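Let me begin by presenting the structure, written as structure tokens, before commenting on it.
The values are calculated or read from the model by the stated rules, or taken from the named source; none is laboratory data. Please read all numbers here as calculations on a predicted model, not as lab measurements. Quick reminder, even Gly has a Cβ in these numbers, built from the backbone with ideal geometry, and neighbours come from all protein chains shown.
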Amino acid sequence: MAKKHDYTPNPEIIARFPSISGNTVNRLNDARKSQPSPFFWHPPERQTHGALQQFIVANFRPEGSEDRSFRNPRVDRGPQPSAVAKQQSKRSAEDWTIEVRRFCAEHEADQVGFTPLLPEYVYEGYSVPLPNLVIIGVGHDYEKLSQAPASAEQQAPFHDLHDQYNRAARSANHLVNYIHAQGYHAKAYPGPMADALNMVPAAIQAGFGELGKHGSLINRRFGSGFRLSAVATDMPLVFDQPDVFGADEFCTNCQVCRNECPPDAIYNEKKMVRGTEKWYVDFDKCIPYFGENYACGICIAVCPWTRPGIADNLLFKMARRKARLNSGTEADADAD
């Protein structure tokens, strides 16, 4: 199907690209297992695309827009870290897991998952000195998200992006203080700016869903319309398992996000990235449009899994297909 948009990148953005491709930094077509390199949303001095980041961030807010960003000190992103209690409360990992889920649900989180910290979750040159991760997800307002990309005239998607990142940050920062009050250590990793933690693979392991063709997670409840934050801790926890429900398989044939992507940044097939074959988005094509359109968001808004009322039907279809494949009626499954 032909693309619906013609797009020419802004020369001012292109002029600020470094000589090295963002895809090279991400190690596209590299079969070696490795940690991710610090990248676009890391501090400018710690990554190759710092000048590009600074230019885009400086022009990131639509003219006349209310400043709801994480950089605004008046925006509520939760409390500062409290001191760790000297006496440690003793409970089982099972009990702490139940308590943390309850606490997060009472402090704005829409989904919570748990995973051990693995080396591939940590960016090169950084460290996370705590062994366990709590992943927090908050859902977008679909009506606002569906209007992506934002513009000076239509700012709802832009505002909702910041609102959800700030909500995820508040949930994480409140959880840190709850954990500290129990005598355990914790550190929050809120977005959108990157820190030591690469949250997407951690969220997959923590049961948040599968990686989609558009490079974002697909969750069985929110589709791709959600944002993440995380808390690292030494509190004992029971870990979740990945939730495989058919989104990856569905993406193999679905073309919706590819057809709607103005810069044609979404590949139709998986790529080898740092030793793993997975869906991948061409950074060099994506980021100019992202920068010009206040975070874009088209691909996650049009994803069939994100549209309210659609996911349940897709889940049923993929479960029926899996059952038929397992029973040996592959021809019937292919006909779905």
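Selection of segment 60-117 for residues being modelled with pLDDT under 95 and of a type in the set (S, T, N, Q) yields S65, S69, N72. Yes or no: P129 closer than 29 Å to Y294 by Cβ, modelled with pLDDT of 95 or more and in a loop (DSSP other than H, G, I, E, B)? For P129, the condition - closer than 29 Å to Y294 by Cβ, modelled with pLDDT of 95 or more and in a loop (DSSP other than H, G, I, E, B) - is not met.
Within segment 200-215, being surrounded by fewer than 24 Cβ atoms within 10 Å (Cβ to Cβ), small (G, A, S) and within 10 Å of the chain's Cα centre (by Cα) holds for one residue alone: G215.
Looking only at residues in segment 141-165 that are among the acidic types (D, E) and modelled with pLDDT of 95 or more, which one is nearest to Y294 (Cα to Cα)? It comes out as D160. State whether one or more residues within segment 180-190 are under 18 Å from the mean Cα position of the chain (by Cα) and in a helix (DSSP H, G or I). No: zero hits. On the stretch given as segment 116-141, residues that are among the polar types (S, T, N, Q) and buried (at least 16 other Cβ atoms within 10 Å of the Cβ) total 1.
Taking each residue of segment 195-216 that is assigned to a helix (DSSP H, G or I) and looking for partners that are small (G, A, S) with beta-carbon atoms closer than 6 Å, six or more apart or interchain, yields M199/A230.
Filtering segment 83-94 to residues that are surrounded by 13 or more Cβ atoms within 10 Å (Cβ to Cβ) and within 31 Å of the chain's Cα centre (by Cα) leaves V84, A93. Restricting the first member to segment 50-66 and to residues that are without any contact (Cβ under 8 Å) to a residue 24 or more places away in the chain, and the second to residues that are in a loop (DSSP other than H, G, I, E, B) and not acidic (D, E), the beta-carbon pairs closer than 8 Å and six or more apart or on different chains are G50/P43; Q53/F40; Q53/W41; Q53/Q47.
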